[in-house]
Amino acid sequence: MREVVFIKQNTDKWKHFEQMLQSKDRNNPDEIASLYIQLIDDLSYARTFYASSPVCNYLNDLSGRAHIVIYKNKKEKKSRIVEFWKTELPILFYKSHKLLFIAFLIFFVSGLIGWISAANDDTFIRLIMGDRYVNMTLQNIKNGHPLAVYNRENPFVMFFMIVENNIQVAFVTFVGGIFFTLGTALALFYNGVMLGSFQYFCYQQGALKESLLTLWLHGTIEISVCIIAGCAGLVLGNSILFPGTYSRLESFKRGAIQGLKIVIGTVPFFIVAATIESFVTRHARASQLFDGILIFLSLTLIIWYFIIYPIQLNRKIKTIEHS
C-alpha cells in the first residue's frame, strides 16, 4: 500500500483517537482500548514499510501518549506532578535525544572556541567577562582563593538570585528557538565561549585545578541543564522549520508545548544546582575527595535521568505494546 493511501485511510481514526485522549471525559474505555490496538497495528505497519517517514514518528508519539492514559494507575492519576517527572517528561525527552546531542555539540565547540580565543588574545577574556570580574578574580588569585566570588553573598540571598537567574537564562535560551533555532544556537554559543575562555583564564593563572573542582561542583548540573534548555529551544525551532505532516501552525503549537515541558522539567535541577552553589561551593576547598564525589554523583544523575532512564522507559513501553 502506498503511504499516501495508508494515511488517507486512517487519518480520521487517528484524529478521533487524539480527541478522545485529550478529552477529560473518557467514559468509553472499551472504545479507547479498541482504537489503541488498531493504533499499535498501524504503528507496526508504518515501522515496516515507512520507517523513515514522519507518519511513523507521529504514530509513535500518539501511542506513547495513549500508553500514559491507558496504563497509569489511580495513584498516578491523583499525582499529576509525580507522573510528569516519572513518565511524561522522560518519554518526551527520549524523542529529543538527537537535538540534545546537537545542543551539546554547539556548546562544546563553542567552549573550545572560547578556550582557543583566550589563548591567542589576551584581551578576549576581558571582552567576554568584563574588566570588573577579571580584576576581581586576579585579586582573589593573588589572595590565594581564586574563586572567592562564591563566598561574597549571604547564602540564602545567593540561592534565590541564582535560581531566578538560571531559570531566566533557560527560558531565554528556549524562547530563542522561535527565531528558527538561531536564537537558541546563539545563546548556547555565547555561554559556551564564556565558559571556555574563563577556564583558559584559570589555566593561564595556574588555578585550573581549583577552578574545575569549584566551578563544576554546581556547574555539572547547572551547565548540563542549560544545554537541556537549548535542546528545548531546538525542539521549538524545528517545529517551525520541519512541520512534517502537520500544518506549520499545528507543528509550532506542538513544539512549543513539548519545549516548554522540557524547560519546566529543568526547574528542580536548577534548584539543586543553586543549593550546591550557595551552600556547598563556598566550602569547596575543604575536601577535594568530597568535591570529586559530588561532581561524579551530579553527572551520574544527569546522564541517568535525561539519557539512560528515557531509553529504558521507551523499551518498556515497546515491550508492552508488542505483548
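Throughout, read-outs are computed from the coordinates displayed, never taken from laboratory work. The structure presented is a predicted model; accordingly, all values stated were derived computationally and were not measured. Virtual Cβ from ideal backbone geometry, glycine too; neighbours counted across all protein chains shown.
Overview of values
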read-out	value
Principal axes of segment 97-307: Cα extent on each, largest first, Å	61, 35, 27
Dipole of the chain, positive end: most advanced residue of ILE91, TYR190, LEU39 [Cβ charges, Cα centre]	LEU39
Of PHE296, PHE174, PHE270, the one that fluctuates the most in a GNM where the chain has Cα springs shorter than 10 Å	PHE296
Cα-based helix-to-principal-axis angle, 182-204 vs the chain, degrees rounded to 10	30
Angle in degrees between helix 97-120 and the longest Cα principal axis of the chain, rounded to the nearest 10	20
Relative contact order (percent, whole number), the chain, Cα cutoff 8 Å, 6+ residue spacing	22
Net dipole in debye of the chain [+1 Lys, Arg Cβ; -1 Asp, Glu Cβ; about Cα centre; nearest 20]	580
FRET efficiency estimate (nearest 0.05) - Cβ-Cβ, TRP85 to SER23, R0 25 angstrom	0.55
Extension gain from LYS15 to LEU112, taking 0.36 nm per residue of separation minus the Cα-Cα distance	30.2 nm
Whichever aspartates and glutamates have a C-alpha closer than 16 Å to that of LYS142, once near sequence neighbours (fewer than 8 apart) are set aside	GLU210
P(r) histogram, all alpha-carbon pairs of segment 168-261 included - 10 Å bins from 0, percent	18, 38, 23, 14, 6, 1
CD proxy at 222 nm, helix term only [per DSSP H run n ≥ 4: -39500 (n - 2.57); per residue of the chain; nearest 500]	-26500 deg cm²/dmol
Cα lying deepest toward the dipole's positive end in segment 97-307, options VAL157, SER211, GLN288, charges on Cβ	VAL157
